[in-house]
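Student: Pasting a structure here, questions to come.
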Amino acid sequence: MARELHLEDEKIDGILIINVGGRIDGLNAQDFHNSLDQSTRDFDGSVVLDFDKLTYISSAGLRSILLIANSFKEKKKNFMLCSLPESALQVIRISGFDKVVAIHESRVVAIAAAME
């Protein structure tokens, strides 16, 4: 099982997709937040976080996503998540987090939504 955090940026049709893999926990949540902030700070298009390779996310990681999502909302820019593991999806739904940020079941659906 991967224990490190891996982030990789790619652009598809003017959409920034950040592939997130490994673990996000209390030890690296601040690094995760800083990397997200740096990757998205000067980007004017839609951003999709793809969690297809995520193995674990803690509440600290969810908080980082929430902070970034709120900054996008203030800028009136699209920010969405996709391909979340079922365990993370359950926590997100229970916490009401899915009311704050758009969540899609796959990258294809997220990209289509970002292009609307």
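Student: At 1.4 Å probe radius, can you tell me the per residue accessible area of the stretch 69-116 in Å²?
Tutor: With the other protein chains kept in place, the stretch 69-116 gives 60 Å² per residue.
Student: Moving on to the next point. List the trypsin sites (Lys or Arg not before Pro) within the stretch 8-107 that fall in a DSSP loop (any state other than H, G, I, E or B) and whose Cβ has at most 15 other Cβ atoms within 10 Å.
Tutor: Hits after loop and neighbour filter: Arg41, Lys75, Lys76, Lys77.
Student: While we're here: Mind checking which of Leu84, Ala110, Phe97 is farthest towards the positive end of the chain's charge dipole, using Cβ charges of +1 (Lys, Arg) and -1 (Asp, Glu) about the Cα centre?
Tutor: Phe97
Student: Let me check the size of the chain from its C-alpha atoms; what are the radius of gyration and Dmax in Å?
Tutor: Taking only Cα atoms of the chain, I get Rg and Dmax of 12.8, 37 Å.
Student: Cβ under 12 Å from Ala112's Cβ, Ala112 left aside: what net charge do those residues give with Lys, Arg +1 and Asp, Glu -1?
Tutor: -2
Student: Here is a further query. Student exercise: in the chain, how many lysine pairs 8 or more apart or on different chains have Cα atoms under 19 Å apart?
Tutor: Numbers: Lys11/Lys53; Lys11/Lys77; Lys73/Lys99; Lys75/Lys99; Lys76/Lys99; Lys77/Lys99.
Qualifying lysine pairs in the chain: 6.
Student: Give, rounded to the nearest 20 debye, the magnitude of the charge dipole that the chain has about its Cα centre when Lys and Arg contribute +1 at Cβ and Asp and Glu contribute -1 at Cβ.
Tutor: Around 360 debye, computed over the chain.
Student: Picking from Ala60, Val20, Phe43, whose Cα lies most toward the positive end of the charge dipole for the stretch 16-64 (charges on Cβ: Lys, Arg +1; Asp, Glu -1)?
Tutor: Ala60
Student: Quick one: net charge of Leu84's neighbours, Cβ under 13 Å, K/R +1, D/E -1?
Tutor: Value of the local net charge: -2.
Student: Note the angle between two axes, namely the Cα long axis of helix 59-74 and the longest principal axis of the Cα atoms of the chain, as a number of degrees from 0 to 90, rounded to the nearest 10.
Tutor: With both axes taken from Cα atoms, the answer is about 10 degrees.
Student: Moving to a separate point now. Helix 29-40: angle to the longest alpha-carbon principal axis of the chain, degrees 0 to 90, nearest 10?
Tutor: Helix 29-40 sits roughly 10 degrees off the main axis of the chain.
Student: From the phi angles alone, apply the Karplus equation (6.51, -1.76, 1.60; θ = phi - 60°) to the stretch 102-116 and give each ³J(HN,Hα) in whole Hz, x where the residue is Gly or Pro.
Tutor: Coupling constants for the stretch 102-116: 6, 10, 10, 6, 8, 4, 4, 5, 5, 5, 4, 5, 5, 7, 5 Hz.
Student: With the full set of protein chains in place, find how many percent of the accessible area of the chain is carbon and sulfur; take the probe as 1.4 Å.
Tutor: Of the solvent-accessible surface of the chain, carbon and sulfur hold 49 percent.
Student: While we're looking at this one, here's another question. May I ask you to give the solvent-accessible area per residue for the stretch 1-66, in square angstrom, as obtained with a 1.4 angstrom probe?
Tutor: With the other protein chains kept in place, the stretch 1-66 gives 54 Å² per residue.
Student: Any chance you could give the angle, 0 to 90 degrees and rounded to 10, that helix 86-95 forms with the longest Cα principal axis of the chain?
Tutor: Computed tilt is about 80 degrees.
The values are calculated or read from the model by the stated rules, or taken from the named source; none is laboratory data. All values derive from a computational prediction rather than experimental measurement. With ideal geometry, Cβ positions are generated from the backbone for all residues, glycine too; neighbour counts draw on all protein chains shown. The area values use the complete protein model at the heavy-atom level, side chains included, leaving out ligands, DNA and RNA. Shrake-Rupley method; radii C 1.70, N 1.55, O 1.52, S 1.80 Å.
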